[in-house]
Amino acid sequence: MTRGTAGIPDSVVGTGTGDAAAEGGVGGGGGGSGSVCSGGESSGAGTGTAAALREQGNALYKAGQYAEALRLYSQAVGAEPRNGALHGNRAACWMMLGKYERAVADCSEGLRHEAGSELGKLRGRQATALTRLGKLDRAADVLQQGALRGGEHAEALGAQLRSVKGLQASLAVGRQALEEGAFGKAKRCALEVAGGGVSEDPEVWLLLARAHLSLGEHVEAAREAQKAIALDADTLDAYTLRADALVGMGLAEKAMRLLRDGLQRDPDNEAAAAALRRLKRKAAGHARVREELQEAFRLRRFEAAAALCAEGLRLDSDDKRLAAGFYADRAKAYQLLARSRARGETRREREDAAAAKLGGGGGGGGRLR
């Protein structure tokens, strides 16, 4: 599928940068009454002003100056508010600026003044904005109504409707696959939905993040969860999911900071609070084990060191960075123990020698045995 200037499918919004300007030819923005509503007429002065503003806005839109074009289209709407095509012009700007809710609202207002099927392109644009937002059921309704009205855009709207229904099906399959543990399938479906234009729905990115996390793809899971947070900073599920991914990357401290940030937004969120408590307990446990492990190596208590490494691994085997450290230290403990035994040292002789060297007397009072 080809894409227009802002990554919006051409089949949805027309032919890219010239699309806002093209709306005027349908809606009657210039010359005559210029009104597309079923009742009432615009004044000649208002129509002339709106037409001039629209033409200026068209030039700016084609030049990629969407904020300036938006300002002129807004003035045109103010001069002729019952011209649906002018709302369509402004909606195109909102979409290019990534303001999809505003685009939906302008399209809705424009379609209130549709006399027949002459604003089919506006329906397609509204459906695209709704698709971006993940409001697929509403997008399908808009397209269904447009296709039933007939007119020159009916075929394109029908094709777009089939595409939206395909996204609905993929999303349903992906959610079911995640519940059933088919994580690879869930991931493929979520990628298909996101790639099909549902870019502003945090739930889609959460679905993808959960699939990545279940597959052990921590970096990808953290990235997609962050997208959900960027779209809706109050989605606490995204915080806990990203925190789990960060722990898997060995970034437990960063995960705890993230959960604290989330709890500032929703102090009563039990899932995030429980995750933070769990991480704090693990952090305290790791700190204790690390301290005792350092002491065990210092006193050449290699058996105790190996046991402490096993304890550290039991605390959290999902934290790959910490796990790697404990595995390395356990290997070191076994290696040093093997060398000591090869020299014919007993455990008591080895530990007494270490204590004497450190000035602690024979077999003195360390904590570890």
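The values are calculated or read from the model by the stated rules, or taken from the named source; none is laboratory data. Every value quoted in this text rests on a predicted model; they were computed, and no experiment measured them. For neighbour counting, all protein chains shown are included, and Cβ atoms are generated from backbone atoms with ideal geometry for every residue, glycine included. Just so you know, the surface numbers come from the protein's heavy atoms only, side chains and all, with ligands and any DNA or RNA stripped out. Shrake-Rupley method; radii C 1.70, N 1.55, O 1.52, S 1.80 Å.
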Listed by first then second residue, the pairs whose first member lies in the range 244-269 and is outside any helix (DSSP H, G or I), whose partner is hydrophobic (A, V, I, L, M, F, W, C), with beta carbons under 7 Å and at least 6 positions apart or on separate chains, are Met249/Val219; Met249/Ala222; Gly250/Leu322; Asp266/Leu236; Asn269/Leu236; Asn269/Leu263
State all residues of the range 75-108 that are more than 28 Å from Val198 (Cβ to Cβ), open to solvent by 20 Å² or more (accessible area, probe 1.4 Å) and touching a residue at least 12 places away in the same chain (Cβ under 8 Å); if no residue qualifies, say none. Gln75, Ala79, Arg82
State yes or no: is Leu241 under 21 Å from the mean Cα position of the chain (by Cα), in a helix (DSSP H, G or I), surrounded by 19 or more Cβ atoms within 10 Å (Cβ to Cβ) and on the phi < 0 side of the Ramachandran plot? yes
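Inside the range 194-215, can you point out the residues that are open to solvent by 30 Å² or more (accessible area, probe 1.4 Å), part of a helix (DSSP H, G or I) and in contact (Cβ under 8 Å) with a residue 40 or more places away in the chain?
Within the range 194-215, the first condition is being open to solvent by 30 Å² or more (accessible area, probe 1.4 Å), and the residues that meet it are 195, 200, 203, 205, 210, 213-215.
Then keep just the ones that are part of a helix (DSSP H, G or I); that gives 195, 203, 205, 210, 213-214.
Once the filter is applied, which keeps residues that are open to solvent by 30 Å² or more (accessible area, probe 1.4 Å), part of a helix (DSSP H, G or I) and in contact (Cβ under 8 Å) with a residue 40 or more places away in the chain, the range 194-215 yields only Glu203.
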Can you name the residue in the range 284-301 that is aliphatic (A, V, I, L, M) and within 19 Å of Ala328 (Cα to Cα) and is also surrounded by the fewest Cβ atoms within 10 Å (Cβ to Cβ) among such residues? Ala287
Pull up the range 217-238, narrow it to residues that are among the acidic types (Asp, Glu) and not in a helix (DSSP H, G or I), then point me to the one that is nearest to the chain's Cα centre (by Cα). Asp232
Single unsatisfied condition, Asp137 versus (1) farther than 27 Å from Lys254 by Cα; (2) touching a helix residue (DSSP H, G or I) at 6+ places or on another chain (Cβ under 7 Å): (2)
Only one of Ala272, Ala304 is open to solvent by less than 40 Å² (accessible area, probe 1.4 Å) and either under 18 Å from Ala243 (Cα atoms) or among the polar types (S, T, N, Q) (or both), namely Ala272
Does Asp316 satisfy the condition of being charged (D, E, K, R), open to solvent by 60 Å² or more (accessible area, probe 1.4 Å), touching a Leu at 6+ places or on another chain (Cβ under 7 Å) and within 25 Å of Phe183 (Cα to Cα)? no
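Is it fair to say Glu152 is open to solvent by 20 Å² or more (accessible area, probe 1.4 Å) and touching a Ser or Thr at 6+ places or on another chain (Cβ under 8 Å)?
It is true that Glu152 is open to solvent by 20 Å² or more (accessible area, probe 1.4 Å) and touching a Ser or Thr at 6+ places or on another chain (Cβ under 8 Å).
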Entirely in the range 300-368, the helices (runs of 4 or more DSSP H) that have 1 or more residues that are within 30 Å of Gly216 (Cα to Cα), at pLDDT below 85 and touching a helix residue (DSSP H, G or I) at 6+ places or on another chain (Cβ under 8 Å): 302-315, 320-342
Search result, residues across the range 155-172 that are without any contact (Cβ under 8 Å) to a residue 40 or more places away in the chain and surrounded by fewer than 18 Cβ atoms within 10 Å (Cβ to Cβ): Glu155, Gly158, Arg162, Lys165, Gly166, Gln168, Ala169, Ala172
